[in-house]
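Undergrad: Below you will find the structure I want to go over with you.
The values are calculated or read from the model by the stated rules, or taken from the named source; none is laboratory data. Keep in mind that what you see is a predicted model, and the values were worked out from it rather than measured. Because the Cβ atoms are built from the backbone with ideal geometry, glycine has one as well, and the counts that use them run over all protein chains shown.
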Amino acid sequence: MRPVKQGEPPSGSVEKALKQPMNPLITVSRFVYKTWVIAELEIRKLRHDPTELITRAVQPVLWLLVFGQVFTRIHAIPTPGMSYIDFLAPGILAQSVLFIAIFSGMSLIWERDLGIIHKFLASPTPRTALALGKALSGGVRALPQSILVYVLAAILGVKIDWNPLALIGVLTAILLGAAAFSAFSLIIALLVKTRERFMGIGQVLTMPFFFASSAIYPISIMPGWLKVIAHGNPLTYEVDALRALMLSGGTSSFGLALDFGVLALVTTVLVIIAGRLYPRAVT
């Protein structure tokens, strides 16, 4: 038996240390840190190429200035208790988040072609942290759009609630909604694996998500079959939360607890699925 040198721990103690379970707090902190590293990497891309911010700004501006102003004047859509432009503004904010998030999976296809995905998978980073980091980056990328919609809505006379707690709630709803649809986008990218198929599917899905929600008209005026779809659409709950928090005197049709609960549950499930599918990116 080899003698133990001074200052050297016994071999048995090393094996015991390796077998001991890691402190849960350390495990969680490491997971959070690795998730943030992935998210920050995605955000850095936007800082180096802010062109996307300009091109994405066109759509909400057109919806609020053209669609919102016209339908406010003709009173074509009943919105009891508020003007149509007030009703529309949170829906357009949710739409902007959706359109940014649903195409975020394209970056994964580019990274696979460049060989970056192989390096991520070779690292000790948990697959769910990779998926969650990319999903959360979609929420951060949506924040400039949110500021634009807020500024434009204020100019158009929308009654905005500037309470700090309401603004924090709006920020949370945006992050959760963007994370959910970004994770969904990652799942699509992991399954189709080509840019052409991904873009085609993304373009097909954005309009049904948008129009089968309460973004531009109340659920109460929908036909019965569309009401069923709208109640299963995560965007409906994001819009409902935004409408309650963004507008002065706004109310939630489902309750904020249900709105945030649905968004958190959908995000969690989709991130777990994306994490399980992540190794398929290189197969």
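Undergrad: Kindly indicate whether VAL170 is among the hydrophobic types (A, V, I, L, M, F, W, C) and either modelled with pLDDT of 85 or more or touching a Phe, Trp or Tyr at 6+ places or on another chain (Cβ under 9 Å) (or both).
TA: Yes.
Undergrad: Restricting attention to helices (runs of 4 or more DSSP H) lying wholly within segment 188-260, give those where 2 or more residues are among the polar types (S, T, N, Q) and under 30 Å from GLU111 (Cα atoms).
TA: Numbers: elements: 195-211, 224-231, 234-246.
Per the criteria, 195-211.
Undergrad: Determine whether segment 181-196 contains at least one residue that is small (Gly, Ala, Ser) and either free of Cβ contacts under 8 Å to residues at least 24 places away in the same chain or under 18 Å from ARG243 (Cβ atoms) (or both).
TA: Scanning segment 181-196 turns up no residue that is small (Gly, Ala, Ser) and either free of Cβ contacts under 8 Å to residues at least 24 places away in the same chain or under 18 Å from ARG243 (Cβ atoms) (or both).
Undergrad: Further question on the same structure: Of the residues in segment 70-90, how many are touching a helix residue (DSSP H, G or I) at 6+ places or on another chain (Cβ under 7 Å), surrounded by fewer than 23 Cβ atoms within 10 Å (Cβ to Cβ) and not aromatic (Phe, Trp, Tyr)?
TA: So the answer is 6.
Undergrad: Pairs under 9 Å by beta carbon, first residue of a type outside the set (Phe, Trp, Tyr) and at pLDDT below 80 in segment 90-116, partner in a loop (DSSP other than H, G, I, E, B) and surrounded by fewer than 24 Cβ atoms within 10 Å (Cβ to Cβ), six or more apart or different chains?
TA: ILE109/LYS193; ILE109/THR194; ARG112/LYS193
Undergrad: Return yes or no: is ALA122 among the small types (Gly, Ala, Ser) and surrounded by 14 or more Cβ atoms within 10 Å (Cβ to Cβ)?
TA: no
Yes/no per residue for (1) under 26 Å from PHE211 (Cβ atoms); (2) among the hydrophobic types (A, V, I, L, M, F, W, C); (3) out of contact with any helix residue (DSSP H, G or I) (no Cβ under 6 Å at 6 or more places or on another chain):
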position	(1), (2), (3)
VAL239	yes, yes, no
LEU242	yes, yes, no
THR251	yes, no, no
PHE254	yes, yes, no
ALA257	no, yes, yes
PHE260	yes, yes, yes
THR267	yes, no, no
TYR278	no, no, no
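A quick yes/no check of all residues on (1) under 17 Å from ILE102 (Cβ atoms); (2) of a type in the set (Asp, Glu); (3) crowded, with 24+ Cβ neighbours inside 10 Å:
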{"site": "ALA153", "(1), (2), (3)": "no, no, yes"}
{"site": "THR172", "(1), (2), (3)": "no, no, no"}
{"site": "ALA183", "(1), (2), (3)": "yes, no, yes"}
{"site": "ALA189", "(1), (2), (3)": "yes, no, yes"}
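Undergrad: Separate question: Quick one: count up the residues across segment 145-160 that are over 16 Å from GLN59 (Cα atoms) and without any contact (Cβ under 8 Å) to a residue 24 or more places away in the chain.
TA: Selection size over segment 145-160: 2.
Undergrad: Condition first: of a type in the set (Val, Ile, Thr) and closer than 15 Å to THR79 by Cβ. Now tell me which residues in segment 205-243 satisfy that.
TA: If the condition is that a residue be of a type in the set (Val, Ile, Thr) and closer than 15 Å to THR79 by Cβ, then ILE216, ILE219, ILE221, VAL239 are the ones that fit.
Undergrad: ASP86 fails exactly one of the following numbered conditions: (1) modelled with pLDDT of 75 or more; (2) out of contact with any strand residue (DSSP E or B) (no Cβ under 7 Å at 6 or more places or on another chain). What is the number of that condition?
TA: So the condition that ASP86 fails would be (2).
Undergrad: Considering only segment 82-178, give the helices (runs of 4 or more DSSP H) lying wholly within it that have at least 1 residues that are touching a Ser or Thr at 6+ places or on another chain (Cβ under 7 Å) and charged (D, E, K, R).
TA: The helices (runs of 4 or more DSSP H) meeting that bar are 127-155.
Undergrad: Which condition number in (1) in contact with a His (Cβ under 9 Å, 6 or more places away or on another chain); (2) surrounded by 24 or more Cβ atoms within 10 Å (Cβ to Cβ) is the one that ARG112 fails?
TA: Failing condition for ARG112: (2).
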